[in-house]
Amino acid sequence: MCGFEGKNGAGASEKALEMCANIDDMTAEDLSAAMDVLLGAGALDVWFEHIQMKKNRPAVKLSLLARPEEKGRMAELMLRHTTTLGVRMREVERATLERRVKNVETRFGPVRFKEGLLGGRVIKSMPEFDDIKKISRETGLPTGEIRKGAEEDEKSQRAGAAPPSAGV
(Lines give C-alpha, C1' and ligand atoms only; values in the text may rest on other atoms or scores of the structure.)
Protein backbone atom coordinates (compact mmCIF):
# COMPACT_ATOMS: atom_id res chain seq x y z
CA MET A 1 0.00 0.00 0.00
CA CYS A 2 1.10 3.51 -0.64
CA GLY A 3 -0.09 6.50 1.33
CA PHE A 4 -1.90 9.58 0.04
CA GLU A 5 -2.49 12.83 1.79
CA GLY A 6 -6.18 13.59 1.97
CA LYS A 7 -7.62 17.03 2.64
CA ASN A 8 -8.05 16.35 6.37
CA GLY A 9 -5.25 13.90 7.08
CA ALA A 10 -3.66 10.69 5.92
CA GLY A 11 -5.57 7.98 4.11
CA ALA A 12 -4.46 4.97 2.10
CA SER A 13 -4.51 3.78 -1.46
CA GLU A 14 -4.03 0.29 -2.78
CA LYS A 15 -3.72 -1.52 -6.07
CA ALA A 16 -6.69 -3.63 -7.13
CA LEU A 17 -7.84 -5.47 -10.21
CA GLU A 18 -11.10 -4.64 -11.97
CA MET A 19 -12.47 -7.61 -13.89
CA CYS A 20 -15.58 -7.61 -16.09
CA ALA A 21 -17.61 -9.57 -18.61
CA ASN A 22 -20.63 -8.70 -20.75
CA ILE A 23 -23.45 -11.23 -20.36
CA ASP A 24 -26.68 -11.40 -22.36
CA ASP A 25 -27.93 -14.93 -21.70
CA MET A 26 -28.19 -15.51 -17.94
CA THR A 27 -31.23 -15.26 -15.71
CA ALA A 28 -31.36 -12.80 -12.82
CA GLU A 29 -31.28 -15.74 -10.40
CA ASP A 30 -28.12 -17.16 -12.00
CA LEU A 31 -26.44 -13.74 -11.97
CA SER A 32 -27.31 -13.41 -8.28
CA ALA A 33 -25.80 -16.84 -7.59
CA ALA A 34 -22.61 -15.86 -9.45
CA MET A 35 -22.38 -12.67 -7.36
CA ASP A 36 -22.72 -14.72 -4.17
CA VAL A 37 -19.93 -17.08 -5.30
CA LEU A 38 -17.58 -14.21 -6.18
CA LEU A 39 -18.21 -12.31 -2.93
CA GLY A 40 -17.89 -15.55 -0.94
CA ALA A 41 -14.55 -16.22 -2.64
CA GLY A 42 -13.14 -12.88 -1.50
CA ALA A 43 -13.99 -10.33 -4.21
CA LEU A 44 -13.75 -6.85 -2.67
CA ASP A 45 -16.91 -5.80 -4.51
CA VAL A 46 -19.20 -7.14 -7.23
CA TRP A 47 -21.72 -5.13 -9.25
CA PHE A 48 -23.90 -5.18 -12.35
CA GLU A 49 -24.39 -2.50 -14.99
CA HIS A 50 -27.13 -2.54 -17.63
CA ILE A 51 -25.64 -2.30 -21.15
CA GLN A 52 -26.62 -2.73 -24.81
CA MET A 53 -24.64 -5.24 -26.86
CA LYS A 54 -24.34 -5.70 -30.62
CA LYS A 55 -27.61 -6.19 -32.48
CA ASN A 56 -29.12 -3.94 -29.79
CA ARG A 57 -29.45 -6.76 -27.25
CA PRO A 58 -29.95 -5.71 -23.63
CA ALA A 59 -27.32 -7.24 -21.38
CA VAL A 60 -25.51 -6.99 -18.07
CA LYS A 61 -21.89 -6.10 -17.44
CA LEU A 62 -20.69 -8.11 -14.44
CA SER A 63 -17.77 -6.37 -12.74
CA LEU A 64 -15.71 -7.11 -9.68
CA LEU A 65 -12.85 -5.63 -7.74
CA ALA A 66 -10.21 -8.06 -6.47
CA ARG A 67 -6.74 -8.10 -4.99
CA PRO A 68 -4.13 -8.54 -7.74
CA GLU A 69 -2.97 -11.87 -6.31
CA GLU A 70 -6.53 -13.24 -6.76
CA LYS A 71 -6.49 -12.63 -10.54
CA GLY A 72 -6.38 -16.27 -11.70
CA ARG A 73 -8.85 -17.58 -9.14
CA MET A 74 -11.41 -14.83 -9.77
CA ALA A 75 -11.13 -15.19 -13.55
CA GLU A 76 -11.72 -18.94 -13.24
CA LEU A 77 -14.77 -18.38 -11.02
CA MET A 78 -16.22 -15.85 -13.47
CA LEU A 79 -15.69 -18.29 -16.35
CA ARG A 80 -17.17 -21.23 -14.44
CA HIS A 81 -20.18 -19.49 -12.88
CA THR A 82 -21.30 -17.33 -15.81
CA THR A 83 -21.93 -17.90 -19.50
CA THR A 84 -19.12 -15.56 -20.60
CA LEU A 85 -16.36 -16.78 -22.89
CA GLY A 86 -13.86 -14.17 -21.67
CA VAL A 87 -12.98 -11.81 -18.84
CA ARG A 88 -11.41 -8.37 -19.24
CA MET A 89 -8.98 -7.18 -16.56
CA ARG A 90 -7.25 -3.94 -15.71
CA GLU A 91 -5.24 -2.72 -12.76
CA VAL A 92 -6.77 0.17 -10.82
CA GLU A 93 -5.86 2.09 -7.72
CA ARG A 94 -8.41 2.89 -5.05
CA ALA A 95 -8.33 5.29 -2.15
CA THR A 96 -9.78 3.87 1.05
CA LEU A 97 -10.70 5.04 4.50
CA GLU A 98 -9.58 3.16 7.58
CA ARG A 99 -12.59 1.08 8.66
CA ARG A 100 -13.86 -0.23 11.94
CA VAL A 101 -17.09 -1.65 13.34
CA LYS A 102 -18.57 -0.63 16.66
CA ASN A 103 -21.61 -1.96 18.51
CA VAL A 104 -24.23 0.61 19.49
CA GLU A 105 -27.08 -0.01 21.92
CA THR A 106 -30.18 1.52 20.29
CA ARG A 107 -33.86 1.76 21.20
CA PHE A 108 -34.31 -1.36 19.02
CA GLY A 109 -31.46 -3.34 20.57
CA PRO A 110 -27.82 -3.69 19.48
CA VAL A 111 -26.86 -2.46 16.00
CA ARG A 112 -23.40 -2.62 14.47
CA PHE A 113 -22.16 0.61 12.89
CA LYS A 114 -19.49 0.77 10.18
CA GLU A 115 -17.18 3.73 10.60
CA GLY A 116 -14.83 5.33 8.09
CA LEU A 117 -11.86 7.18 9.52
CA LEU A 118 -9.55 9.71 7.91
CA GLY A 119 -6.52 10.86 9.83
CA GLY A 120 -7.80 8.95 12.87
CA ARG A 121 -11.12 10.87 12.90
CA VAL A 122 -14.51 9.33 12.11
CA ILE A 123 -15.92 11.03 9.02
CA LYS A 124 -18.62 8.45 8.16
CA SER A 125 -20.78 6.21 10.30
CA MET A 126 -23.60 4.00 9.06
CA PRO A 127 -25.66 1.19 10.58
CA GLU A 128 -25.09 -2.34 9.27
CA PHE A 129 -28.06 -3.03 7.01
CA ASP A 130 -28.20 -6.72 7.96
CA ASP A 131 -28.90 -5.62 11.56
CA ILE A 132 -31.55 -3.12 10.41
CA LYS A 133 -33.22 -5.77 8.25
CA LYS A 134 -33.22 -8.31 11.10
CA ILE A 135 -34.86 -5.82 13.47
CA SER A 136 -37.42 -4.98 10.78
CA ARG A 137 -38.33 -8.66 10.38
CA GLU A 138 -38.63 -9.08 14.15
CA THR A 139 -40.66 -5.90 14.82
CA GLY A 140 -42.53 -5.29 11.57
CA LEU A 141 -41.21 -1.70 11.50
CA PRO A 142 -39.98 -0.23 8.19
CA THR A 143 -36.21 -0.31 7.64
CA GLY A 144 -36.12 3.47 7.10
CA GLU A 145 -37.66 4.12 10.52
CA ILE A 146 -35.23 1.75 12.22
CA ARG A 147 -32.22 3.22 10.40
CA LYS A 148 -33.24 6.78 11.35
CA GLY A 149 -33.77 5.87 15.02
CA ALA A 150 -30.51 3.92 15.22
CA GLU A 151 -28.60 6.82 13.65
CA GLU A 152 -30.17 9.25 16.15
CA ASP A 153 -29.21 6.97 19.05
CA GLU A 154 -25.63 6.58 17.77
CA LYS A 155 -25.27 10.34 17.31
CA SER A 156 -26.57 11.15 20.80
CA GLN A 157 -24.27 8.55 22.36
CA ARG A 158 -21.32 10.02 20.47
CA ALA A 159 -22.29 13.36 22.06
CA GLY A 160 -22.22 11.75 25.52
CA ALA A 161 -25.82 10.66 26.17
CA ALA A 162 -26.62 7.36 27.86
CA PRO A 163 -27.81 4.49 25.63
CA PRO A 164 -31.62 4.23 25.32
CA SER A 165 -33.59 1.34 26.79
CA ALA A 166 -34.05 -1.41 24.21
CA GLY A 167 -37.57 -2.19 23.19
CA VAL A 168 -39.92 -0.72 20.65
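The values are calculated or read from the model by the stated rules, or taken from the named source; none is laboratory data. Because the structure is predicted, anything quoted here is derived from the model rather than measured. Heads up, the Cβs are rebuilt from the backbone with ideal geometry, glycines too, and the neighbour counts pull from every protein chain shown. Ligands, DNA and RNA are stripped out before the accessible areas are found, and what is left, the full protein with its side chains, is counted by its heavy atoms. Shrake-Rupley method; radii C 1.70, N 1.55, O 1.52, S 1.80 Å.
Taking the Cβ of residue 101 as the center, what net charge do the other residues with Cβ under 10 Å away carry, scoring Lys and Arg +1 and Asp and Glu -1?
Working: positive: 99, 100, 102, 112, 114; negative: 115, 128.
Result for the neighbourhood of residue 101: +3.
Mean residue ellipticity at 222 nm from the helices of the chain, using -39,500 (n - 2.57) per DSSP H segment of n ≥ 4 over the full residue count, to the nearest 500 deg cm²/dmol? Mind showing how you got there, number by number?
Working: 4 runs with 51 residues, N = 168.
Calculated mean residue ellipticity at 222 nm is -9500 deg cm²/dmol.
Give me the percent of accessible area attributable to carbon and sulfur for the chain, probe 1.4 angstrom. Spell out each step's value before the answer.
On the way: 5230 of 10460 Å².
In the chain, the share of accessible area belonging to carbon and sulfur is 50 percent.
Whole number in Å², please: accessible area per residue of the chain, 1.4 Å probe, ligands, DNA and RNA not counted.
Details: 10460 Å² over 168 residues.
Using a 1.4 Å probe on heavy atoms only, each residue of the chain averages 62 Å².
From the Cα gyration tensor of the range 114-159, with a ≥ b ≥ c the square roots of its eigenvalues, which class applies: rounded if a/c is under 1.5, or else prolate if a/b is larger than b/c, or else oblate?
Details: a/c = 3.74, a/b = 2.08, b/c = 1.80.
Because a/c hits 1.5 or more and a/b exceeds b/c, the range 114-159 counts as prolate.
Take residue 13 and residue 65, extend 7 Å from each Cα along the Cα→Cβ direction, and tell me the distance between the two endpoints in nm.
About 1.4 nm separates the two model spin labels.
Once you place label points 7 Å from the Cα toward the Cβ at residue 145 and residue 88, how far apart are they in nm?
The answer from the label model is 4.6 nm.
How much of the calculated P(r) for the chain lies past 21 Å, in percent of all Cα pairs? Could the numbers behind the result be given before it?
On the way: 8743 of 14028 pairs.
Within the chain, distances greater than 21 Å cover 62 percent of Cα pairs.
Classify the range 45-123: rounded, prolate or oblate, from the alpha-carbon gyration tensor (a ≥ b ≥ c, eigenvalue square roots; a/c under 1.5 rounded; otherwise prolate if a/b is larger than b/c)?
Working: a/c = 2.59, a/b = 1.99, b/c = 1.30.
Cα axes put the range 45-123 in the prolate bin.
Cut-off 10 angstrom, C-alpha nodes, Gaussian network model of the chain. Which of 31, 65, 17 fluctuates the most?
Checking each option, the largest mean-square fluctuation is seen for 31.
Could you report the accessible area of residue 67 in Å², rounded to 10, computed with a 1.4 Å probe on the protein chains as they sit in the structure?
110
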